[in-house]
Amino acid sequence: MISLKYKELPQAKALLGHLKSINDSYDFDIIFPKKVWPNISSEQSDDAMEIINQHHKVFQDSTKNDFGMDYIIGASTSADCWINIKKDDEIIGYATNLFHEVNNKKVNHFRVTFFNSLLQGSGAYALLQDLRINIFPSDFIFSRTQNPVVYQTFERLFNQNGMMISPRIGYIDQECLLVAKKLEFNVDNNSIIKNAVRGIVAVETPTPHDKIKTLWDKIDLYNGDVLLVAGYKK
């Protein structure tokens, strides 16, 4: 059920060490749900639903919002990989990824990441994202976000992993847009996906600082718009 070999990655060890430094009862697991439950998209077993219900609770705590259980089921069952951060047996944070191949190039889609209040501000977020990058090394990484802090985190992580970020002020990489459109992200030429989710996700979404503010100027959070952030090889 749990893929142990990935926990030997340096990024996994860094995340685990950090979690243990916060609370010795913290741990994480890595699950490939479509391998464990091949029919998960159409039929969720009790074991799968136990985890997905916990995903829902984390979403509610993280965002102070609720998109409904059907949204969480769709987001979790469509994923190729789950990383669940746990306090004993309780999931307190999670992330999901989808893996694709387009034109013989690998694409790692960061589907969602949510931390409950126990983990927010703990320093674990960037370490988790770095692990996700290295579980499935790719030519392109995509993440949909409304949060400018997420953008800044990816900007640093992409640089650390030898990648550039798109969009950035004054530049949008056209190959990233082409790949995203082939994956049917429904992204426009400003790297924005209109009405992608059910309104604003996190009630307390921060406002962007002046350096990147123009990237958010055409985004209506309450319409459910998101910025498609892409990482690509230099």
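The values are calculated or read from the model by the stated rules, or taken from the named source; none is laboratory data. Note that the structure is predicted; figures quoted are calculated from it, not measured. Glycine also receives a Cβ, built like all others from the backbone with ideal geometry; neighbour counts cover every protein chain displayed.
Results for (1) among the small types (Gly, Ala, Ser); (2) without any contact (Cβ under 8 Å) to a residue 12 or more places away in the chain; (3) surrounded by fewer than 19 Cβ atoms within 10 Å (Cβ to Cβ), shown as yes or no for each residue.
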residue: LYS194; (1), (2), (3): no, no, yes
residue: ALA202; (1), (2), (3): yes, no, yes
residue: HIS209; (1), (2), (3): no, no, yes
residue: LYS218; (1), (2), (3): no, no, yes
residue: VAL226; (1), (2), (3): no, no, no
residue: ALA230; (1), (2), (3): yes, no, no
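Check the stretch 53-61 and report whether any residue there is closer than 15 Å to LEU127 by Cβ and without any contact (Cβ under 8 Å) to a residue 12 or more places away in the chain.
Checked against the condition, which is being closer than 15 Å to LEU127 by Cβ and without any contact (Cβ under 8 Å) to a residue 12 or more places away in the chain, the stretch 53-61 yields no hits at all.
Quick one: in the stretch 119-148, which of the residues that are farther than 24 Å from LYS106 by Cβ and assigned by TED's automatic domain parsing to the domain that holds PHE99 is surrounded by the most Cβ atoms within 10 Å (Cβ to Cβ)? Walk me through it before giving the result.
Taking the stretch 119-148 as the starting set, the residues that turn out to be farther than 24 Å from LYS106 by Cβ are 119-124, 146-148.
With assigned by TED's automatic domain parsing to the domain that holds PHE99 added as a condition, the list becomes 119-124.
Numbers: LEU119: 23, GLN120: 14, GLY121: 9, SER122: 18, GLY123: 11, ALA124: 21.
So, considering only residues that are farther than 24 Å from LYS106 by Cβ and assigned by TED's automatic domain parsing to the domain that holds PHE99, the one surrounded by the most Cβ atoms within 10 Å (Cβ to Cβ) is LEU119.
Quick check on the stretch 38-94: of everything there that is within 20 Å of LYS7 (Cβ to Cβ) and of a type in the set (A, V, I, L, M), which residue is surrounded by the most Cβ atoms within 10 Å (Cβ to Cβ)?
ILE92
Would you tally the residues in the stretch 21-52 being of a type outside the set (A, V, I, L, M, F, W, C), free of Cβ contacts under 8 Å to residues at least 12 places away in the same chain and either closer than 27 Å to ALA202 by Cα or not assigned by TED's automatic domain parsing to the domain that holds TYR125 (or both)?
Counting residues in the stretch 21-52 that are of a type outside the set (A, V, I, L, M, F, W, C), free of Cβ contacts under 8 Å to residues at least 12 places away in the same chain and either closer than 27 Å to ALA202 by Cα or not assigned by TED's automatic domain parsing to the domain that holds TYR125 (or both) gives 1.
Scan the stretch 120-136 and tell me whether some residue there is of a type in the set (Asp, Glu), part of a helix (DSSP H, G or I) and closer than 27 Å to ILE165 by Cβ.
Step one: of the stretch 120-136, the residues of a type in the set (Asp, Glu) are 130.
Those still in the list that are part of a helix (DSSP H, G or I) too: 130.
With the extra rule that they be closer than 27 Å to ILE165 by Cβ, the set shrinks to 130.
Yes: one or more hits.
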